[in-house]
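Read the structure below first, then the notes.
Coordinate-derived values only; no laboratory data. Bear in mind the structure is a predicted one, so any value in this text is a computation, not a measurement. Here the Cβ positions follow ideal geometry from the backbone for every residue, glycine too, while neighbour counts run over all protein chains shown.
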């Protein structure tokens, strides 16, 4: 009768251990070297010096002063004709890294159903538009149409996620629109009525510079009927905050990330978080989809020191 050999296995010689370790490291490096579609790397988004736009954490949304801080990505704009109020302009923007490499569609991750978001606002903050450029014929170029409603130098902020970093990054550029700027009264209000709907934005406490705040967004119909709210860009609402100097923005998404179940059919309610570092006057524009149509509403408020 055969008996099992219970002799302990001899330890592997150190040469075998070294070979196994080297093989594992080579395999790991090989997987890391597999192509991802982009030729960009983390170093392409590094910029030395002070006042740099950081790679932002979406779980801690804050106001980003894009125009007073340097971004590792530059954005330039050109149009086919000078922009004027009420006329559609065809525009081309170009994105390039700090190392001069173009940033195209293969270099960006999809974020809220799109690879590139443009937040466009006029100097009075009364015309806000959310646009999505499409890749152009030249690498690093993107094309989009834009119809300004007012005159003045619009700010165009780009919001995107590079593949090598996996975190949100921003860039900005100016777009002159011919005509005279007309200032409009902007009374402070956490309530707005647009197209037969009432929108309200309620902070949990007076908003103070540098302190995190919670905002509760609600919508209702003036006639008391149901609110046909539908998802827009993978959320039931988006909020974008601008300061009076249009130096930057905060792009906010609801805490309630799930799309099911949908919000209350008569008075939908969503929660947002925000931190604004500086005092002053701000506006938050809300964006919702109601029965297949995008509706925007502004809320004007002061941030205390």
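Points to keep in mind about this one:
- Each peptide in 127-133, 147-153, 184-190 was scored by the mean count of other Cβ atoms within 10 Å over its residues; highest first, the order is 127-133, 147-153, 184-190.
- For the range 228-301, fraction of C-alpha pairs farther apart than 15 Å, in %: 56 percent
- Spin-label pair residue 84/residue 180, simplified geometry with 7 Å Cα→Cβ offset, distance in nm: 1.6 nm
- Whole-number Å³ per residue for the convex hull built on Cα positions in the range 109-222: 175 Å³
- Modelled spin-label separation between residue 41 and residue 223, with each label point placed 7 Å from Cα along the Cα-to-Cβ direction: 6.2 nm.
- The gain in end-to-end length when the residue 190 to residue 149 segment is fully stretched comes to 12.4 nm, 0.36 nm per residue minus the alpha carbon separation.
- Three-way shape call for the range 43-177 based on the alpha-carbon gyration tensor, with the a/c threshold at 1.5: prolate
- For the peptides 104-115, 203-214, the ranking by mean Cβ contacts within 10 Å, running from highest to lowest, is 104-115, 203-214.
- Working ranking of peptides 259-266, 39-46 by packing, defined as the average number of other Cβ atoms within 10 Å per residue, highest first, is 39-46, 259-266.
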